Amino acid sequence: MSDFIKKEKEVYFPVFARYPLLVERAEGKYVYDSKGNQYLDFISGIGVCILGHSHPRLLKVFEGQAKKLIHVSSLYYTQEQIKLAEELSVRFGKGKCFFSNSGAEANEAALKLTRKYGHCLYGGKRYKIITAYGSFHGRTFKTLAATGQPEKQKDFEPLPPGFVHIPLNDVKALEAAVDESTIAVMLEAIQGEGGVNFCSSGYLKEVERICRQQGLLLILDEVQTGMGRTGSFFAYEQYGIKPDIVTLAKGLGNGFPIGATIARSEIADYFEKGDHGSTFGGNALACVVALETLKLLDEEGLIEKVSEQGIFFLELFKKLEGDNFIKEVRGKGFMIGIEFEKPVAKKISLKLIEKGVLAGTCGENVLRFLPPYIVEESDFELVFAKLKEALEEFKKNEHD
Ligand SMILES: *Cc1c(COP(=O)(O)O)cnc(C)c1O
């Protein structure tokens, strides 16, 4: 084992169950370890490096901007920040943005804006936010409270109050959970960390209807599903709905940290000067990298590609459903989850690493692929073959 891997135990918080891989560099769709071994990256830093690693155009703007201006804080105006805000506001449609450095922070801003809205309109009497079981909204205290996974929360209580969790795709449960103190519903269109769990299209439409009827804000956490991951810029576009607030992060800076909270303008305007802020958020460098990422998505038609190839991707992996080891294969675009009958996802992903493929897991039963948008059908076929091999070997070992 590498000395660095040993050293980590001494010097780093023991919070990560990492794979035994010391990564040295990456280029395009490949990652290389310290021994020079190559891995096909089918997790892209948890859905972050959507254009692959070290994209030459991104490196160019990165270098140019780093020489020109990295950071001055939001004490001043920068054209880079305003250009990115304009770009995202247009994609959302009549919105306003706030930039931070991560998904949790993007959600935190959405939650604070919602609280402020409740104070302005209802004197703070409406503050409760309904979220779904199995959701994941981040690691700060408030986003942890929003996250509908009691096992992640139990050692950190007391959590900030004001969150109610409901089962996904159950309209009656939502209706029953709404009361006079409810201000918003917050969901992921497809739960990522929770196991690639879909909102049914009928469900999201009903959620939107209930929100409109009851005067609730609809917040969508698109930190993982946004930026084209599911075949449209925002996943909600495929559901024919529009939220009041949406959050982005993972793919937005292709690896450079940036989060965005986008709200309908009339809601964003409930915030006043001093209500929120961030020292690093929306710095010129992050904004330029995000702008170029958006430009490349458009110029190279990558979202259409994800939408089309995602169908092939899903059909291919669906063939595994005949295997009695596998419960279900589900996904949309370049977001695929393979649910096993047993908690073996980690072991299978370890086997895939031995075979030169990087994948992820969500929970113990689901193996997850979030490849960069630049992979080709031949890459899917390769991963499919390696996964079949891994499964065969795993089953053989289990019987031995
Ligand atoms: C990853 C993720 C987050 C948290 O993002 P961080 O950048 O790790 O804070 C929040 N919501 C969803 C849906 C995510 O997938």
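Provide the FRET efficiency to the nearest 0.05 for the LYS68-PHE141 pair, computing r from the beta carbons and using R0 = 35 Å.
0.40
At q = 0.14, 0.30 Å⁻¹, what base-10 log of I(q)/I(0) does the Debye formula yield for the stretch 351-394 when every alpha carbon is treated as an equal point scatterer in vacuo?
Cα-only, vacuum Debye calculation for the stretch 351-394: -0.33, -1.23.
Multiplying the sequence separation of LEU320 and GLU180 by 0.36 nm and subtracting their Cα-Cα distance, what value in nm do you get?
Full-extension gain reported as 45.7 nm.
What lysines sit close enough to LYS125 to cross-link, taking a C-alpha to C-alpha distance under 20 Å and skipping anything fewer than 8 places away on the same chain?
LYS112, LYS116, LYS142
What ranking do ILE336, ILE70 get, fewest neighbouring Cβ atoms within 10 angstrom at the top?
In order of increasing Cβ crowding within 10 Å: ILE70, ILE336.
Take ASP298 and THR279, extend 7 Å from each Cα along the Cα→Cβ direction, and tell me the distance between the two endpoints in nm.
3.4
Which value in deg cm²/dmol, rounded to the nearest 500, describes the helix-derived mean residue ellipticity at 222 nm for the chain, given -39,500 (n - 2.57) per DSSP H run of n ≥ 4 and division by the residue count?
That calculation yields -12500 deg cm²/dmol at 222 nm.
Can you run phi through the Karplus equation (6.51, -1.76, 1.60; θ = phi - 60°) for the stretch 45-62 and list ³J(HN,Hα) in whole Hz, with x for Gly and Pro?
Each residue's phi maps through the Karplus curve to give x, 6, x, 9, 7, 5, 9, x, 8, 6, 4, x, 5, 5, 4, 5, 5, 4 Hz.
Rounded to the nearest 5, what % of the DSSP beta bridges within the chain are antiparallel ones?
In the chain, approximately 65 percent of DSSP beta bridges are antiparallel ones.
Under the 0.36 nm per residue contour assumption, what length would be gained going from the current alpha-carbon distance of ILE82 and LEU350 to full extension?
Once the chain is fully extended between ILE82 and LEU350, it gains 92.1 nm.
For the stretch 373-382, just list the computed ³J(HN,Hα) in residue order, Karplus coefficients 6.51, -1.76 and 1.60, θ = phi - 60°, integers in Hz, with x standing in for Gly and Pro.
Those phi angles translate into 6, 8, 6, 10, 4, 5, 5, 4, 5, 4 Hz.
Once amide H atoms are built 1.01 Å from N in the peptide plane, which residues 5 or more positions from LYS327, or in another chain, come under 5 Å H to H?
The list, which skips near neighbours in sequence, is GLU339, PHE340, GLU341.
Go through the stretch 173-186 residue by residue and turn each phi into a ³J(HN,Hα) via Karplus (6.51, -1.76, 1.60, θ = phi - 60°); whole Hz please, and just put x for glycine and proline.
5, 5, 4, 5, 7, 6, 9, 5, 9, 7, 10, 7, 10, 10
What is the calculated FRET efficiency for LYS327 to ASP170, with r their C-beta to C-beta distance and R₀ = 35 Å, to the nearest 0.05?
0.95
Scattering from the C-alpha atoms of the stretch 61-211 alone, worked out with Debye: what is log10 I(q)/I(0) at q = 0.12, 0.14, 0.17, 0.21 1/Å?
With one equal scatterer per Cα and no solvent, log10 I(q)/I(0) is -0.63, -0.82, -1.09, -1.40.
Near LYS319, which lysines are there with a Cα under 22 Å away, not counting those fewer than 8 places off in the same chain?
LYS305, LYS327, LYS332, LYS342, LYS346, LYS347, LYS351, LYS355, LYS386, LYS388, LYS395, LYS396
Among the chymotrypsin sites (Phe, Trp or Tyr not before Pro) within the stretch 39-116, which fall in a DSSP loop and have no more than 15 other Cβ atoms within 10 Å of their own Cβ?
TYR76, TYR77
Only bridges whose two residues both fall in the stretch 72-231 count here: according to DSSP, what percent of them are antiparallel, nearest 5?
Within the stretch 72-231, antiparallel bridges account for around 15 percent of the total.
Once the piece of chain linking LYS396 and GLU377 is laid out straight, how much longer is it, given 0.36 nm per residue of separation minus the C-alpha distance between them?
4.0 nm
Compute the helix-to-body angle for 79-92: its Cα long axis versus the longest principal axis of the chain, expressed 0 to 90° and rounded to tens.
90
Run through all the Cα pairs of the chain and give the fraction in each 20 Å bin from 0, expressed as whole percent.
Each 20 Å bin holds this share of Cα pairs: 27, 58, 15, 0.
Give the long-range amide H neighbours of ILE166: residues separated by 5 or more places, or on another chain, with amide H under 5 Å away, using H modelled in the peptide plane at 1.01 Å from N.
Amide H neighbours of ILE166, under 5 Å, 5+ apart: THR131, ALA132, TYR133.
Bear in mind that the values in this text are calculations on the coordinates, not laboratory data. It should be emphasised that the depicted structure is a prediction, and the values quoted were computed from it without experimental measurement. Virtual Cβ from ideal backbone geometry, glycine too; neighbours counted across all protein chains shown.
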